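Just passing along the structure, written as C-alpha cells.
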Amino acid sequence: MSKLQILVTDSELQNIDDWRFDNRAENRSSAVRELIALGLTLSQEEPEEAEKRLKDLRSGS
C-alpha cells in the first residue's frame, strides 16, 4: 500500500465523513478508497454518465 496525501475543502471533508457514516466505512481512509473505487468503476462501466458527472462537478453544479 502507498501513501497519498490530498487537500480537500472543509465541505468536501464533511461530505466524505457523512458518506463514511452512512455507509459504515471503518475509517476516513477506507471511505476515501471506497469512493475512489466507486468513481473508477462508474467511469469504466458507464463512461458517458461519468463524463457528464465530472463535467457537472468541475462546473460546480
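Whose amide H sits under 5 Å from the amide H of ALA25, counting only residues 5 or more places off or on another chain, with H placed in the peptide plane?
So ALA25 has HN proximity to no qualifying residue.
Taking the number of other C-beta atoms within 10 Å as the exposure measure, put THR9, THR41 in order starting with the fewest. Don't skip to the end; give the middle numbers.
Details: THR9 8, THR41 11.
In increasing order of surrounding Cβ atoms, one gets THR9, THR41.
Modelling each spin label as a point 7 Å along the Cα-to-Cβ direction, I'd like the ALA50/SER2 distance in nm, to one decimal.
Rounded to a tenth, the inter-label distance reads 1.8 nm.
Another question, then. Sort LYS52, LYS3 so the one with the fewest other Cβ atoms within 10 Å of its own Cβ comes first.
LYS3, LYS52
Also: Using the Karplus curve 6.51 cos²θ - 1.76 cosθ + 1.60 with θ = phi - 60°, work out ³J(HN,Hα) for each residue of the range 22-34 in order, rounded to whole Hz, and write x for Gly and Pro.
So the Karplus estimates, Gly and Pro as x, are 4, 9, 6, 5, 4, 7, 4, 4, 4, 4, 5, 4, 5 Hz.
Could you compute Rg(Cα) / (2.2 N^0.38 Å) for the chain, with N its residue count?
Numbers: Rg = 12.7 Å, N = 61, 2.2 N^0.38 = 10.5 Å.
Against the compact-globule rule of thumb, the ratio is 1.21.
Another question about this same structure. Express in nm, to one decimal, how much length is gained between LEU57 and ASN23 on full extension, taking 0.36 nm for each residue of separation and deducting their alpha carbon distance. Present the calculation step by step, with values, prior to reporting the outcome.
Numbers: separation 34, 0.36 × 34 = 12.24 nm, distance 2.17 nm.
Extending this stretch completely gives an extra 10.1 nm.
Sorted from fewest to most neighbouring beta carbons within 10 Å, what does the list SER29, SER11 look like? Show your work: numbers first, answer last.
Numbers: SER29 13, SER11 8.
Going from least to most buried by this count: SER11, SER29.
Laboratory data are not the source of any read-out in this text; all were calculated from the coordinates shown. Computed from a predicted model, the values in this text were never measured in an experiment. No Cβ is skipped: glycine too gets one built from the backbone with ideal geometry, and neighbour counts run over all protein chains shown.
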